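Report on the structure given below.
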Amino acid sequence: MLEVKGLFKSFGGVAAISDVTIDFPTGSLTAIIGPNGAGKSTFFNLISGGLTPDAGSVSFNGTSLVGRSRAQIIDAGIGRAFQVARIFPTLTVEESLLGAVTAHRQRAQNITRRFPLPEMRDRMHEVAEMLGLTEKLGVTSANLSHGDQKLLDIALALVLDPKVLLLDEPTAGMGPDERWRMIERVHELWEREKLTLIFIEHDMDIVFKIAPKISVLCYGRLLAEGTPDEIRTNPAVIEAYLGTSHEEAAV
Ligand SMILES: Nc1ncnc2c1ncn2[C@@H]1O[C@H](COP(=O)(O)OP(=O)(O)OP(=O)(O)O)[C@@H](O)[C@H]1O
Ligand SMILES: [Mg+2]
């Protein structure tokens with residue numbers, strides 16, 4: 001279980017995350033929603049070691065992650081993809097994925113050999129297949145479509161064998177059809193890899209359909225958490241974030 005307790009992070013005078021406590025049970029699927037600037041990406045950065053909290057704790061299966069390096073947090077099993085895909089533009093999809101899986105497993109297993117072992121290549125193919133990138137293995141990453149770059153960013157997290165996967169707006173910048181295809185893939189890989197998956201998403205139709213549990217951030221605070229029905233009908237959430245259309249939709 002990933003446990004976040006009493007987390008705080010400020011930037012100058014801005015309280016980006018303020019006293020946030022959320023548990024993510026092993027194997028759960030949670031959506032994080034909230035208006036722009038609510039602190040969602042900051043929350044992910046605090047879990048994945050991109051930022052250090054001012055106060056509070058983040059622990060995974062009872063071990064604290066606070067103060068550990070990015071590499072240590074990845075090795076502990078926390079993976080993430082970014083709001084703006086972070087890829088290696090000059091490498092092909094295959095080179096990127098194989099480079100990532102090889103570097104990770106060699107470090108984790110303390111191996112010093114130059115070439116990837118067959119099981120590393122197998123994992124690369126397995127992840128490419130899961131994300132629909134098999135046909136694109138030979139393509140230079142910079143030449144991929146926006147959607148495929150987002151898929152590659154997720155694939156780069158997945159080859160590191162995460163137990164917890166944080167996806168920051170996996171459907172950002174996509175048209176409606178592409179969004180649904182992306183989220184179906186995400187849902188499939190959650191089931192197949194038995195991940196604890198947490199995703200940030202602005203499209204409420206997707207959130208309400210896919211996520212059994214939703215946490216709502218607003219001005220850095222946890223405004224509410226619950227099932228889609230609980231969130232859709234929560235007066236504070238409607239006022240701060242949803243407006244009236246979803247209230248009507250729920251009736
Ligand atoms: N590195 C930083 N330095 C200074 N301020 C920051 C930094 N990162 C985030 N902030 C501020 O913290 C607040 C929360 O930002 P954050 O990016 O976490 O929001 P968000 O919920 O992810 O928003 P969006 O939906 O637009 O992606 C904002 O006011 C933002 O300007
Ligand atoms: Mg963000």
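The values are calculated or read from the model by the stated rules, or taken from the named source; none is laboratory data. Note that the structure is predicted; figures quoted are calculated from it, not measured. Virtual Cβ from ideal backbone geometry, glycine too; neighbours counted across all protein chains shown.
Scan the range 4-13 and tell me whether some residue there is under 13 Å from I198 (Cβ atoms) and either at pLDDT 95 or above or away from ligand 2 (no atom under 14 Å from the Cβ) (or both).
Yes: the range 4-13 contains one or more residues that are under 13 Å from I198 (Cβ atoms) and either at pLDDT 95 or above or away from ligand 2 (no atom under 14 Å from the Cβ) (or both).
The single condition among (1) within 8 Å of ligand 1 (Cβ to nearest atom); (2) modelled with pLDDT of 95 or more; (3) closer than 30 Å to D205 by Cα that N36 does not meet is (2).
Taken over the range 185-213, the criterion of being under 13 Å from the mean Cα position of the chain (by Cα) and farther than 15 Å from A172 by Cβ is satisfied by H187, L189, W190, L195, T196, L197, I198. Among the criteria (1) more than 16 Å from ligand 1 (Cβ to nearest atom); (2) surrounded by fewer than 17 Cβ atoms within 10 Å (Cβ to Cβ); (3) modelled with pLDDT under 95, the one P212 does not fulfil is (3).
Against the list (1) within 16 Å of ligand 1 (Cβ to nearest atom); (2) at negative phi, the condition G220 fails is (2). Output the residue which, of all residues in the range 61-74 that are free of Cβ contacts under 8 Å to residues at least 60 places away in the same chain and in a helix (DSSP H, G or I), is surrounded by the most Cβ atoms within 10 Å (Cβ to Cβ). Checking each candidate, the answer is I73. Restricting the range 1-23 to residues that are within 15 Å of ligand 1 (Cβ to nearest atom) and among the aliphatic types (A, V, I, L, M), the residue that is farthest from I47 (Cα to Cα) is V14. Scanning the range 166-184 for residues that are under 21 Å from F24 (Cα atoms) and either in contact with a helix residue (DSSP H, G or I) (Cβ under 8 Å, 6 or more places away or on another chain) or among the polar types (S, T, N, Q) (or both) turns up L166, L167, D168, P170, I183. Checking each residue in the range 48-57 for being away from ligand 1 (no atom under 12 Å from the Cβ) and hydrophobic (A, V, I, L, M, F, W, C) picks out only A55.
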